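Here is the structure we will look at, set down as structure tokens.
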Amino acid sequence: MEQYGPIKSISYNLFKLHYTVHITYANRDAAPKLENLWSIQYNKDAFRIWPDTINKQTYQKRHNNVLKLTNLPKGTKAHALLHILKEIGAMTCYIPKKGNSESYQYDRIAYIAFKTNADREKVFAPVRNNETNVSAPQVLLLNGKALVWTHTSDPCCFECGSKFHRRNTCKEFRNIQSRKNNQDRFRPLHQRLGLVSKPHNQNRSVSRSRTSQLNNFGPHVPNFEYTYQGNFN
């Protein structure tokens, strides 16, 4: 971000699995350079940006013309879609994390924002194939997988991102569940053979802790679940 001007301060806010970064520049000279910039690339990720001078109406317009690009290969980041984003005139690309926070994996869906409604609808426009003389929407390929456009309100598979089925009928999800069931089935045998480590017995330590509290006539210590809250733009 220093390419736009000298930076005065940088602060970070954590919300779930994402950071919001607030950058204050030393002077206002950076404002015109960022005014019409919706996104920046950093390494293999893309970051949406909003100047502090943006009004509510303009902010909302940036969220009006958004589509979902589904069926992404596993681990896809914005950098892998860069050539596609330039071709279709996209302004931002947001690939969220999966709902399971423990996996910390990218979802198989990208939210693509366009500047106007006309730009958004172009991706559905038929293109004539000179060889077959057939008109159809352009097919986008990434690592041999055909990507599919859909609207943000359309439900998709939570596992593979496809809009043509749900997770309970997803082949990838069934394969994952099958491997997990096999691992659970043979885990006791693998533990006896020393192929995998045995889980630590926490019940004994918990029992000793509670006995110590009773002997010392100490109060019961409740369990608390901590949640992190923050601002996300």
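Rule-based calculations on the coordinates, nothing more; no lab input. What you see is a predicted model, and the numbers here were worked out from it, not measured in a lab. Don't worry about glycine lacking a Cβ; one is built from the backbone with ideal geometry, like all the others, and counts go over all protein chains shown.
All other residues with a Cβ under 13 Å from the Cβ of K68 taken together, and with Lys, Arg as +1 and Asp, Glu as -1, what is their net charge?
Working: positive: R108, R120, K163; negative: D107, D154.
Within the 13 Å Cβ shell, the charges total +1.
Give the residue list of trypsin sites (Lys or Arg not before Pro) in the stretch 6-61 that are DSSP loop and have at most 15 other beta-carbon atoms within 10 angstrom.
Those satisfying the criteria are K16, K44.
What chymotrypsin sites (Phe, Trp or Tyr not before Pro) in the stretch 96-177 are in a loop by DSSP, with at most 16 other Cβ atoms within 10 Å of the Cβ? If you can, show how the numbers build up before the last one.
Numbers: sites: Y104, Y106, Y111, F114, F124, W149, F158, F164, F173; in loops: Y104, F114, F158, F164.
Answer by residue number: Y104, F164.
For the stretch 140-187, what does the equivalent ellipsoid look like in terms of its semi-axes, each the square root of 5 times an eigenvalue of the Cα gyration tensor, given largest first in whole Å?
28, 14, 6
Please rank C156, C93, fewest neighbouring Cβ atoms within 10 Å first, as an exposure proxy.
Exposure proxy ranking, most exposed first: C156, C93.
Which three numbers, in whole Å and largest first, are the semi-axes of the equivalent ellipsoid of the stretch 109-191 derived from its Cα gyration tensor as √(5λ)? Numbers along the way, then the final one.
Working: eigenvalues 299, 53, 21 Å².
They are 39, 16, 10 Å, listed largest first.
Just to confirm a number: summing +1 for Lys and Arg and -1 for Asp and Glu over residues other than F186 whose beta-carbon lies under 12 angstrom from that of F186, what do you get?
Neighbour charge sum, excluding F186 itself: +4.
What's the local net charge at A46, with K and R +1, D and E -1, over the other residues with C-beta under 13 Å away?
+3
Can you tell me the Rg and the Dmax, both Å, for the Cα atoms in the stretch 22-141?
Just the Cα atoms of the stretch 22-141 yield Rg and Dmax of 16.9, 58 Å.
List the GluC sites (Glu not before Pro) within the stretch 1-88 that DSSP assigns to loop and that have no more than 16 neighbouring Cβ atoms inside 10 Å.
E35
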